[in-house]
Structure formats: structure tokens, C-alpha cells
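Structure first, then comments.
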Amino acid sequence: MAVGKNLEKLFSLENKVIVLTGAAGGIGSVLAKGLAGAGGDMVLCDVAMDPLHQVEKEIVDNGDRAKSFELDIMNIESIKTFVDTVIAEYGKIDVLINCAGINKREGFLDVEESTYDKLMGINLKGVFFLSQEVAKHMIKVKRGNIINMSSHNAVGMLGGCSVYGATKSALTALTRSMAVEWAQYGIRANAIAPGHIITPLTTVTWEHPERSQYLKERIAMERPGTPEEVLGLTVMLASDSSSYMSGMMYHIDGGCLAGGKPWPYDTKY
Ligand SMILES: NC(=O)c1ccc[n+]([C@@H]2O[C@H](COP(=O)([O-])OP(=O)(O)OC[C@H]3O[C@@H](n4cnc5c(N)ncnc54)[C@H](O)[C@@H]3O)[C@@H](O)[C@H]2O)c1
């Protein structure tokens, strides 16, 4: 395909049914609107129904397609019912984006079992069993695409994120297993690792004088990313333009892993 005039076609999500968890959240809501704008038929899932309906309304008011579904991915039994409902209504799921996730920042020694179980339950177990249930349908049609929202913490650890980081490292490993086991069924899987993205939940960190300074020094671009800056890669991975990409994790981090802000060095410029 000559790219020039076909750029839109290359990244088009027309006729793709896209299940997006965490669609009411800071990153999820922006992805929901952006993917719908690229033609995706959005199946929006979350536990926060008021903001989710608001996202759905904005998409529909814009002339795009979306519908809200209540899904608590910690409730494994409800996952099968949800997937069956989507298949009955839409006939297929082309793309699953596992974006729902939570964090609770506390020291390793302070983590209680209930916190551990909740983070593991949402960030890992829920993703595992939702992906398993969706993959059963993708396998039948020998076509599918899964995108997992991992994190910078999968590789570069901040203090106070032991359980969160473990879930995101494991999610990256799950992504590789999905890619390896399901390639034979035409399914590919990738992970996105956002760095420090500013959302309503992380605004408090970015307004904190010491923490924001600490973070800026570790990001070459010296600023947080925005949810909009996660959208482009997500559209690409969801579209057929990335048809030979599978099993990898892609970072969007403003040069954080690369080394952050350089130390003082002599330069003549
Ligand atoms: N914001 C960042 O800087 C950042 C960085 C790296 C990775 N991430 C990851 O990106 C994803 C989205 O993060 P965000 O910043 O938009 O967070 P967010 O809290 O704004 O959104 C998360 C969404 O998940 C939903 N959710 C929580 N528990 C759920 C459950 N049991 N079932 C279904 N939905 C549930 C919440 O209601 C919320 O709408 C998460 O997986 C997060 O770990 C975020």
C-alpha cells in the first residue's frame, strides 16, 4: 500500500470491536475517545459507571460508536457472563485492551495481605482470566489482538510500589505467553509501558514540590506525559499496521529509562 494518501486506512479501526477495560479512567477515557475516533466500535468497561456513561455520551455525541458495560474484573465469575454478552451482541471481539489497573503506594514492610490481594486481583488475575475468556472466542475465528497496559514500574522501580511493580512485571510476562501460545491462532499480544503520565490521580504527585522535582530529574524531557501521548501507539497496535508486532513491551516515557536528565557536563554550545 502506498502510504501517502492511505495513511488513515493504514491505522483505521473501522469494523473492529474493541473491548477496553478501565475506560472511565484518566488514560482509558482518552483511549476510548481516540480509538472511537479512528473507527473502533468501543465496548467500554469499568466499575465507575457515572464517569463511564459520560465517556460513552461524549463518543456517541461525536457521531462515533460506544456502549458502556459494568465489569469488575476482580469478579472472575462475572467475566464469562460479560464476554458471552458481548459476543451475543457484537458477534466478535477484535481487540482487547486491558487498561484497568490500580496502585497503592506504601513501603514493602507496610503492605497488608488485603492490599496485596486487591492489586494482584485487578492488575494480574483479572487480566489473566478476562484475556483467557476473550481468547477462546478469538481462537474460534483465528484472529485477535490483545494490548496490556503495563508500566514503567515493570522495569524501573519507584519506592513504595512493590506489589504494583510485581503485577506489571508479571503482566509483561503474561503478554509474552499470550504472544507465544496464541500466535498459532492468529492472535498477537503486546504491552504498553507508560512512564509518568499526568491524570487526575497523579496530579497530586505532580503538584508535590519534592516528588515532582524528583520525577523531572529522572525524565529526559523533564515533564510528565499526557494520556493523549499514549493514544498514538495504542491506535497503531490496535490496527493492522502492526500486524507483525507481537510479544513486546513498548515504553512511552519521555526518555526516563534512557537515563533521565543528564548530569552537568562541559559543553561549548
Ligand atoms: N497514570 C500513569 O502514570 C500510569 C503509568 C503507567 C501505567 N499506568 C497504567 O495505566 C492504566 C490506567 O491508569 P490511569 O492512570 O488511567 O488510572 P485511573 O485510576 O485513572 O484508571 C483506572 C480505571 O480502572 C478502573 N478499575 C479499577 N478497578 C477496577 C475493576 N476491579 N474492574 C474494572 N475496572 C476497574 C477504575 O475505575 C478506573 O476508571 C493502569 O493499568 C495503570 O496501572 C498508568
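For segment 209-239, filtering for residues that are within 16 Å of GLY37 (Cα to Cα) and either out of contact with any strand residue (DSSP E or B) (no Cβ under 8 Å at 6 or more places or on another chain) or assigned to a helix (DSSP H, G or I) (or both) leaves 12. Residue selection: TYR164 satisfies the criterion of being assigned to a helix (DSSP H, G or I) and either within 14 Å of the ligand (Cβ to nearest atom) or among the β-branched types (Val, Ile, Thr) (or both). When GLY63 is tested against the conditions (1) in contact with a strand residue (DSSP E or B) (Cβ under 7 Å, 6 or more places away or on another chain); (2) surrounded by fewer than 19 Cβ atoms within 10 Å (Cβ to Cβ); (3) within 22 Å of PHE11 (Cβ to Cβ); (4) not hydrophobic (A, V, I, L, M, F, W, C), the lone failure is (1).
Could you list all residues from segment 18-77 that are part of a helix (DSSP H, G or I), small (Gly, Ala, Ser) and within 24 Å of ASN123 (Cβ to Cβ)? Walk me through it before giving the result.
Taking segment 18-77 and keeping what is part of a helix (DSSP H, G or I), we get 26-37, 49-61, 76-77.
In the following step, the residues that additionally are small (Gly, Ala, Ser) were identified as 26, 28-29, 32, 34, 36-37.
Scanning segment 18-77 gives GLY26, GLY28, SER29, ALA32, GLY34.
Just to be sure, is ASN123 modelled with pLDDT under 95 and either within 16 Å of the chain's Cα centre (by Cα) or among the hydroxyl-bearing types (Ser, Thr, Tyr) (or both)? Here the answer is no, as ASN123 does not meet what is asked. Does at least one position in segment 20-30 carry a residue that is β-branched (Val, Ile, Thr) and without any contact (Cβ under 8 Å) to a residue 60 or more places away in the chain? No, segment 20-30 contains no residue that is β-branched (Val, Ile, Thr) and without any contact (Cβ under 8 Å) to a residue 60 or more places away in the chain. In segment 111-134 there is at least one residue matching the filter, namely being assigned to a loop (DSSP other than H, G, I, E, B) and in contact with a helix residue (DSSP H, G or I) (Cβ under 8 Å, 6 or more places away or on another chain). Within segment 133-144, is there a residue that is away from the ligand (no atom under 12 Å from the Cβ), small (Gly, Ala, Ser), out of contact with any Cys (no Cβ under 7 Å at 6 or more places or on another chain) and over 17 Å from THR172 (Cβ atoms)? Within segment 133-144, one or more residues are away from the ligand (no atom under 12 Å from the Cβ), small (Gly, Ala, Ser), out of contact with any Cys (no Cβ under 7 Å at 6 or more places or on another chain) and over 17 Å from THR172 (Cβ atoms). Determine, yes or no, whether GLU228 is within 13 Å of the ligand (Cβ to nearest atom), among the charged types (D, E, K, R) and at pLDDT 95 or above. Here the answer is yes, as GLU228 does meet what is asked.
Restricting attention to segment 30-57, and to residues there that are within 15 Å of the ligand (Cβ to nearest atom) and of a type outside the set (A, V, I, L, M, F, W, C), which single residue is surrounded by the most Cβ atoms within 10 Å (Cβ to Cβ)? Give the steps one after another, and end with the answer.
First, the residues of segment 30-57 that are within 15 Å of the ligand (Cβ to nearest atom): 30-35, 42-56.
Now narrow it down to the ones that are of a type outside the set (A, V, I, L, M, F, W, C): 33-34, 46, 50-51, 53-54, 56.
Details: LYS33: 20, GLY34: 19, ASP46: 27, ASP50: 8, PRO51: 16, HIS53: 14, GLN54: 14, GLU56: 21.
Here the residue is ASP46.
Name the residue, out of ILE79, ILE102, ILE73, that is within 14 Å of the ligand (Cβ to nearest atom), surrounded by 20 or more Cβ atoms within 10 Å (Cβ to Cβ) and under 24 Å from PRO227 (Cα atoms). Step by step, each of ILE79, ILE102, ILE73 is checked, and only ILE73 is within 14 Å of the ligand (Cβ to nearest atom), surrounded by 20 or more Cβ atoms within 10 Å (Cβ to Cβ) and under 24 Å from PRO227 (Cα atoms).
Taking segment 187-208, which residues are surrounded by fewer than 14 Cβ atoms within 10 Å (Cβ to Cβ) and either touching a residue at least 24 places away in the same chain (Cβ under 8 Å) or not in a helix (DSSP H, G or I) (or both)?
In the first step, residues of segment 187-208 are kept if they are surrounded by fewer than 14 Cβ atoms within 10 Å (Cβ to Cβ); the result is 200-201, 203-204, 207-208.
Within segment 187-208, PRO200, LEU201, HIS208 meet the criteria.
The values are calculated or read from the model by the stated rules, or taken from the named source; none is laboratory data. Not measured: the values here are computed from a predicted model. Counting neighbours? That spans all protein chains shown, and the Cβs are built from the backbone with ideal geometry, glycine included.
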